[in-house]
Each structure stands twice: as C-alpha cells, then as structure tokens.
Amino acid sequence: MTTGSKSIILSWLTTADHKRIGIMYMVTALFFLVIGGGEALLIRMQLFYPNNDLLVGMKFNAAFTMHGTTMIFLVVMPLNAAFFNYLIPLMIGARDVAFPRLNAFTFWIFLLGGILLHVSFFMGQTPATGWFGYANLSTKHFLPDMGADFWGLSVQILGLSTLIASVNFFVTIINMRAKGMSLFRMPLFVWTTLVTQLLIFLSFPVITIALLMLMFDRTFGTNFFNPDMGGNVVLWQHLFWVFGHPEVYILILPPMGIISEVLPTFSKKPLFGYTVVIYSTCALALMGFTVWAHHMFTVGMGNWTNLVFSMATMMIAVPTGVKIFNWLFTMWGGSIRFTSPMLYAMGFILMFTIGGLTGVMHASPPIDAQHQDSYFVVGHFHYVLIGGAIMGIMAGFHYWFPKMFGKMLSEPLAITQFILLTIGLNMTFMSMHFVGLEGMPRRVFTYSAEQGWTFWNQIATYGAFVQGLGFLLFFYNIWRSLRYGEDASADPWDARTLEWSISSPPPEFNFAVEPIIERTDDFWYKKQKIGARAIEQLTGKEQVSVPKGSYYPFLATLALSLIPVGFLIFTQNQDQYSILLISALGGGLLFYFLVKWAFEPLFEE
Amino acid sequence: MTHETTTGIDNRKMALWVMIGSECMLFGSLIINYLIQVHQIAGVENPDLIRPAQVINVPVTSLSTFVLLMSSLAMVLSLNGLQHGDIAQFRKWCFGTAGLGAIFLGFQAYEFTEFYWEGLGLTANNFGAAFFLLTGTHGAHVLVGVIWLLIMGGWSYRTSFQSEHHSILLEVAGLYWHFVDVIWIIIFTVVYLFVLAP
Amino acid sequence: MEKAATKHEKNIVYIKIAVLLAVITAIEVAYPYLTEDIKGLHQLYMPILGGLSAIKFFIVVAYYMHLKFDPAVLKRIFAFSLSLAVLFVSALLLLFEVVEF
Ligand SMILES: [Cu+2]
C-alpha cells in the first residue's frame, strides 16, 4: 500500500466530517441492501413452487429474520441516517453537527452491529426468531443455539448507535441553526428529522430493557419470559411494540420529509400548508406512542383494550391524510418537471396511500383477526416500507446525489429503474394481499399445490426479480455516473433550500460565510432577487477551521466490540464466569479511550 | 473555539437533558417490569417463593436513601463553589459527593449479599430478577457518576483546568448525578415503602 | 434567588432545601408506623407516599437541577419525556391489571 492510499484510509477512519460520515452510512447501507435483498429473493424463490425444498425449516426462518432485521436496522434506518448526516448541517446553515466525533462513533458502532449480526452466518448460528424476537420463540428452551444471542446483542448495539445519534441530531437542530433560521423557517426534512430523533430517544430505551431482560433469561437463567416459572410472554410483546410502533414512524418520517423537499422543488411552488404539515408530523409522532397494542389484537387483551387501541389507530389516518392532501395540493397548478426524484416522490404518495389504506383496515380488531399472521399483513407493510420508505429514500438519493458526489445521475436509467421498481413492487405485494385473503399464513416455508396459492406466489416472485433488476440498474447508474457522469453545478434542480447555495460537493467547512435567513425557502427568494449571485455570495474562498479527526471513536468501537464477544462465548460455557473478563476488558478499554477522547481538543490548537 | 448556540444553552447541557428524557423511559420500563412481576408473584400460592415483604429492609435502605439525598446537596455545593471560582469548596464537595455515592453503593452491595444469603438470588424468582435488574441498573448509573466526579475532581489539580471554562462540565455531571438521585426517590417509594403498605 | 445571589447565600438556600428533603423523607419512613394508630391513613397509604416522593422529585429537579430557571426548551424536553414515561407506566399497569379501575 502506498503512503498516499494509506493516509486516505486513515483520513476516513478518523474523520469527524458529517459529510464523509453521511457517505459512509450510505455506502454501508447500500451494501446491506444487497444482502437483505438477496435474502428476499431467496425467500421468494423458495415460495415459487409448492413443496419446494430450496430453503426449508429453520433455514427459511433464518432468512426472513435476517431479511427483516437487515432491512429495518441496517438499510432503511442508516439510509435515513445518511441523509441526516449529510444534509442537516447544510440545511440549517451549520458547519457541522453538535458533536462531530460522537457522530463518527455512532457510525462505527452501527457498522459493528451490522458485522456482528452477520458473523452469525459464518458460525452457522443465524438468528431465526423473526425481527420481532417474540418470546418464547426466542428463549433458550426453544432456540438453544447462539442465533438469538447474536440477534439480541446486535440489535442492542444498533440501538445504542441510534440513541447516541438521536441525542446528537436533536441538539444539532435545536442549537446549531444559522442566524434567523427559526424553527418555523426550517426545511421540512429538518422538521421530520427532529421529530424522528424525539421518537428514537423515547422509544429505543424500551427495547433496550426488553433485550436486556431477554439476555438475562437466555444467559443468566432468569425467567421473565418463561411461563413455567411465573414469566409472561405477553410482556415481551408489549415492550417490543411500545418500541416497535414508533419505530415505524422512525422509518417513514424522514422519507416523508424528503418528498416534502422534492415536491416543491419540481412543482416550482412552496410546500402547500407548510405549518400544517409540521403540526401533522408532530401529531403523528404523539399518536404513534399510543397505538402499539394494535399489533396484539389477537392476544386476548379484552374488548375494551382492543377498542381503545383501535380508535387511536384509526385516528392516525387523519394527520396522515392531511399530509397526503398537502403534497397533492403542492403539485396542484405547479409547473411540474417529471425528473426521477419527482417521479419517486409521486410514487411515494400513491404507494404509501395504498399501504395506509390497508393499514386502516386492520386497525379494526375483527378484520385484524382475519388478517393477523397472513400474507395480507406482509403485503400491507411492504407497501409502506418499499412503496413508502424506499421510494422516498430513492427520491432523496436521486435528488441529492449531485450535491453529495458532484456528478449527475443518468435520468433515463433512473426513470427506467423507477418504472421497474413500481411495476415489480406492485406485482409482489399486491399478490400478497390476494394470497393472504385466500388464507396463506406468513412465515411458512411452503404450501401444497391443492391450496391454490401457486399463481399469486409466482407473480410475487417474478415481481421480486423485476425489483431486483431495477436495483441492478440503480447500482450501474451510480457506477456510470461516478465514472462518466457530467459535473453537477451548485444548484442543478433550481431548488429551494440552503444546501444548494454552496458548491457540489460542498467544501469541508460548508459555508465560507455563515448564512443569514430571513424567511422559509430563503435561498429561493434570494435567487429571485439577486439571481445567481445568491450562490456566489455563500461560496467564498475564506478558510475556516474544521474539527480535526480523531482516532478515539474508532478505537472505542474496537474496545466496545469485545463486550458482545465475551457474552457470546459465555453463552456457550455458562459455568465459566471468567470468560466475562473479555467483556470486562472491553469495558475497561472503552472507558480508557472515552477519557482520552474527552480530553482531546476538537480543534487544532 | 466555543461557538454561540442558537438557544444560548451549551450543547453538552442540552444533550444531557435529552439523555435524561431518554432515561425516563429506560427506568420507566424497569419500574413497570418490577411492578408487574411483583403483582404476578402475589397471585401465586407457593410457600417456598420469597416475597418482597420477607427480604426488603426499609430501615437500612432509609439510611442509604438519606446518604444519596445528602450527596445531591454536596453536588450543588460543589458546583456553587466552582461557579464562584472557589476551587477549595468545589473540590471538597465534589469528592464528598463521590464518597457519599460510594457509600450508597456499599449499602447496595450489602443489601444484595443479604438477599442472596436469604435465598433470593438472581434466578430464584421473577420478583428477585426484576428487583436486581432495576436496582442494579440504578447502581451502575451511580457507579458511572462516582467515576465521572472523581475524574472532574482529579482534573482540577492539572493546569489545563480552568474554573471559568469548565464549570459547565461540572454542571452537566451534576445534572446527571441529581437525575440518578431523583430516580432513587421513585425507586425508594415504589420498591421499598410500598412493601409496608397495610 | 437567581440574580446577584452570592455564593454564601446560595449555599444557605441549598442547605435549606436539603433540610426540607430530609424532613419529607423522615415523614415517608415514619408513615408506615403511624398508620397503625390512625385509621384514616390506611386507605391513603399509596397516594400519600407517592405524592410525597413526587414532591421530592420536583424539588430536586426544579432547584438542584436548576430547571425552574432554565430556558423553556429544556423544560419542554423534560416535561414531555416524563409525561410519556408516566403514561407508558400507567398504561401497562392497567393492561396487566396491577391497578384496576
Ligand atoms: Cu403499529
């Protein structure tokens, strides 16, 4: 290795620049997207024929568990995090986040969690609990191997990463805004990010405790979830869904913010009902905490409980509907440009509405009793997560790619991918609704020909491959653009928010002159007034000092990695408490690095 | 290189308040788990099961509660000293706080071993498990606080420590400490005093 | 108390608060023994003790943690998180029938 490439690696390893960290999040998440997508294709291949034997029994369980866990924690959340990292400081006119090195730390422990989850593959101990890890499916008695331990520890670490990041971004948005950027002048993506961080730091502690209890059950012999010894499995469901439902908003709110940026830009109109969209976002977040038991209508909580949670759930449709109409009215009468980000944003509205409508259907307990555990539910939440979250993320990706990499993506390729994705996802997930109504349960690895589910399953599998083809095109488009793409100007879309007022990609210090904000969509109005000078104004040559890199976030993560390693070895040798010294050593090293880090100056002295 | 923040509040102070918000849910989960487990064990008829009233020792814990309460006083006195540039007062009470915290941990260690000898180990029953999980998590928080304060106190002997710049750091540590104390106020009532309910 | 208070004055205020907290704690600890003599205190055991600990809780938060004198944004963060935690605990208390209507 030459010294040049070595120092490049070191500079990424020690970076505290939010833009680089954003890119690292994005690259890692796209890598996991390939893995999670591959698992989805395997599942679909297994279900292509009745009585197929490609992936049976526990292998099938492992595939859907890893698919779900990967897609939620390692793809959608980090893709959202990539946008938070890259864009939030730019959109609020800041030079970095509130805690730049902590930001690097969250990335590294996210990576650690992702790696840990996938190490289980190579040890033949893949988690097979489902992404929800329902006790007692996940207790020692039913899953004696290390799969559930890998799952629990990885999700715990990923949760820690998310929690730290949420504190960081919450403080950044409240405290690092440019002059004049009052809360009700912030771009909508910043707003949805703020609300998302609130959801994270209030819901993740609950799963932290639930996972801790599961770990104590599995490793230290307690019986929280063991009914034979006075435990209660329903408690797990409650704790899990108190986290799990807000988690859905954690996944979908940032993409909603993204399309609230994309739609105004390509409609050449300000967002319709800006404040109303903000208030309905807040309402969604609040209500998101009061509906968790709609995942448990068939548990037997009693009619009154079901009634209360059913009503609360149906009410969620109100702020959601408000947002959908605001997006539609944003386009109404605008001069629309059908670029790839715009198409994805429009796709989001349509697909998300379909997913939302089926969501309102199983808000009703009697209907839910029919849908529960059937493919209808799988169809529903994939419309929300692929038709919603992934579509929104794709809109954001195509919209901000020129800003992040300084190159334009090929529009024809991007639009072809959009068409493939839309066709593919409707083939796959609409079929699931039908096969679900015909009675096919989810999480089964096969079915027999007489059950009559073959046709729709095959359509679903074809659709999955069409989506896969779309993603191949997507990766080809990225590669082609990075190599041969034309250079992007500072403001290629004639956009409205601050990040477009500086060069593409932005300089390390973001803003040479700190912007002063006078109204919402300030940059847009400055462009109307003084034209292209609005861009030049902020892109000076002045050198600004930026946080220097640090080794400690990375070293601290290495130390932290010893803690799960110790626990995992201990689970297989539960009488040898000395093994836990590995974890203790990790904890000690972590402490040492954190202290060194705390006393290391952030800026060059 | 300190940057003016939008709200005028130091970033670290705000971050700690956000963390406290998060901890409310963390300890909320632990407390509700404890209450549910105690409720469930109350419905089981088994003379061998160890129940809260048999092991919980209110007088001893009242003492440790008092110690932790006084540590909060020591904490504010320490911060008040530093904010007024009185390094001696700061140091005395900073180490005092850490010392009182350590005494509290000693009480907890005594309590845990007592329970163990009375037959309530971690795995004896779910009341015990939930008890250890709740008070153990709290104890771990106290331990972190003790170490944090010892570092702050120790740092003050170095030349790099400047009372006018670094009092904010003690303020943040103090917020953490008080919050841990405040959680104990709840735990003391819910776990200990409620046991004596007539 | 805030403005222009000297170090010494503040020390005194803090000590007074500590005395108050200690007195409340003493009442809490003594309460179970009082219930033996006075019948009316029986039924109110949990509400009164819960109330006393809530008072202590808010005194520490308001004065020692200084929240009473801090900007609204910090108050809001704490108030929202605490209310949500209380809501969550209460909901599960009802769902698991630990407490009944
Ligand atoms: Cu839900």
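For chain B, what is the Kirkwood hydrodynamic radius in Å, using each pair of distinct C-alpha atoms? It would help to have the intermediate numbers written out before the result.
Working: mean 1/r = 0.0545 Å⁻¹.
Hydrodynamic radius (Kirkwood, Cα pairs) of chain B is 18.4 Å.
What average number of partner chain Cβ atoms lie no more than 10 Å from the Cβ of the residues making up B:40-48? Before the final figure, lay out the partial values.
On the way: counts 6, 1, 1, 2, 1, 0, 1, 0, 0.
Counting Cβ atoms of other protein chains within 10 Å of each residue's Cβ and averaging gives 1.
Of B:Tyr110, A:Tyr552, how do they rank once you tally other Cβ atoms within 10 Å and put the fewest first? Working shown, then result.
Working: B:Tyr110 13, A:Tyr552 22.
In increasing order of surrounding Cβ atoms, one gets B:Tyr110, A:Tyr552.
List the residues whose amide H sits under 5 Å from the amide H of A:Lys179, counting only those 5 or more places along or on another chain, with H placed 1.01 Å from N in the peptide plane.
HN-HN under 5 Å from A:Lys179: A:Ile517.
Taking a cut-off of 18 Å between Cα atoms, list the lysines near A:Lys268, but don't count ones fewer than 8 places away on the same chain.
Partners within reach: A:Lys526, A:Lys527, A:Lys529.
Which far-off residues, 5 or more places away or on another chain, put their amide H under 5 Å from the one on A:Lys407, with H placed in the peptide plane?
A:Ala488
Say a paramagnetic label sat at a point 7 Å from the Cα of A:Glu411, along Cα to Cβ; which residues of the range A:487-531 have their backbone N under 15 Å from it?
Those under the cut-off are A:487-489, A:492-495.
Per residue of A:161-169, count partner chain C-beta atoms within 10 Å of its C-beta, then hand back the mean as an integer.
Partner Cβ neighbours, averaged per residue: 2.
Going by how many other Cβ atoms sit within 10 Å of their own, how do C:Ser83, C:Ser53, A:Ser364 line up, fewest first? Write out the running numbers ahead of the final one.
Working: C:Ser83 11, C:Ser53 22, A:Ser364 17.
Placing the least packed residue first, the sequence is C:Ser83, A:Ser364, C:Ser53.
Under 5 Å between amide H atoms, partner at least 5 residues away or on a different chain: which partners does A:Ser374 have, H built in plane at 1.01 Å?
Distant-sequence amide H within range of A:Ser374: A:Arg442.
With unit charges on the beta carbons (Lys and Arg positive, Asp and Glu negative) and the dipole taken about the Cα centre of chain A, which residue among A:Gln46, A:Gly359, A:Thr14 sits farthest to the positive side?
After comparing all options, I get A:Thr14.
Once phi is turned into θ = phi - 60°, what whole-Hz ³J(HN,Hα) does the Karplus curve with 6.51, -1.76 and 1.60 give for every residue of the range A:105-116, x standing for Gly and Pro?
Running phi through 6.51 cos²θ - 1.76 cosθ + 1.60 with θ = phi - 60° gives 4, 4, 4, 5, 6, 4, 4, 4, x, x, 5, 4 Hz.
Students often forget the sequence filter, so: which aspartates and glutamates lie under 13 Å Cα-Cα from B:Lys13 once same-chain residues fewer than 8 apart are removed?
Qualifying aspartates and glutamates at Cα under 13 Å: B:Glu171, C:Asp70.
Count the net charge of all other residues whose Cβ sits under 15 Å from the Cβ of A:Asn85, scoring Lys and Arg as +1 and Asp and Glu as -1.
On the way: positive: A:Lys19, A:Arg20, A:Arg95, A:Arg101, A:Lys403; negative: A:Asp17, A:Asp96, A:Glu499, A:Glu508.
Net local charge, A:Asn85 excluded: +1.
R0 = 30 Å: FRET efficiency of A:Lys179 with A:Ser545, Cβ-based, nearest 0.05? Display every interim value, and only then the final one.
Numbers: r = 20 Å, r/R0 = 0.65.
Once the sixth-power term is evaluated, E becomes 0.95.
Give the residue list of GluC sites (Glu not before Pro) in the range B:73-151 that are DSSP loop and have at most 15 other beta-carbon atoms within 10 angstrom. Please list the in-between numbers first.
Values: sites: B:Glu111, B:Glu114, B:Glu118; in loops: B:Glu118.
Those satisfying the criteria are B:Glu118.
Once the piece of chain linking A:Leu328 and A:Asp228 is laid out straight, how much longer is it, given 0.36 nm per residue of separation minus the C-alpha distance between them? Before the final figure, lay out each step's value.
Details: separation 100, 0.36 × 100 = 36.00 nm, distance 5.45 nm.
Separation in residues times 0.36 nm, less the Cα-Cα distance, equals 30.5 nm.
Which of the peptides A:456-464, C:43-51 is most tightly packed, and how do the rest follow, judged by the mean count of other Cβ atoms within 10 Å per residue? Display every interim value, and only then the final one.
On the way: A:456-464: 20.4, C:43-51: 14.2.
Per-residue Cβ counts within 10 Å, averaged per peptide and sorted highest first, yield A:456-464, C:43-51.
Compute, for chain A, the length of the dipole vector about the Cα centre, with Cβ point charges of +1 (Lys, Arg) and -1 (Asp, Glu) only. Units Debye, rounded to 20. Kindly include the intermediate steps, with their values, before the conclusion.
Values: 31 positive and 31 negative charges, 231 e Å.
Dipole of chain A, to the nearest 20 debye: 1100 debye.
Between A:Tyr525 and A:Phe338, take the C-beta separation as r, use R0 = 30 Å, and let me know the FRET efficiency to the nearest 0.05.
0.75
So what's the Cα pair-distance distribution over the range A:550-605, bin width 10 Å, in %?
The distribution over the range A:550-605 is 26, 39, 22, 10, 3, 0, given as percents.
Run the quick spin-label model on A:Met430 and A:Gln576: label points 7 Å from Cα toward the beta carbon, then report their separation in nm to one decimal.
Spacing of the two 7 Å Cα→Cβ label points: 5.8 nm.
Quick one: which of B:67-80, B:166-179 comes out on top by average Cβ neighbours within 10 Å, and what's the full order, highest first? The partial results should precede the final answer.
Values: B:67-80: 24.1, B:166-179: 21.9.
Those peptides, ordered most packed to least, come out B:67-80, B:166-179.
What does the average come to when, for each residue of peptide B:74-82, you count the partner chain Cβ atoms lying within 10 Å of its Cβ?
Numbers: counts 2, 3, 12, 6, 0, 4, 9, 3, 0.
Mean shielding by partner chains, rounded to a whole number: 4.
How big is chain A by Rg and Dmax over its Cα atoms, in Å?
Expressed in Å, the Cα Rg and Dmax of chain A come to 24.1, 76.
Could you list, bin by bin from short to long, the percent of Cα-Cα pairs of chain C in 5 Å steps?
Reading upward from the zero bin: 2, 10, 13, 16, 15, 17, 12, 7, 4, 2, 0.
Quick note: the coordinates plus some simple rules give every number you see, no bench work behind them. Not measured: the values here are computed from a predicted model. No Cβ is skipped: glycine too gets one built from the backbone with ideal geometry, and neighbour counts run over all protein chains shown.
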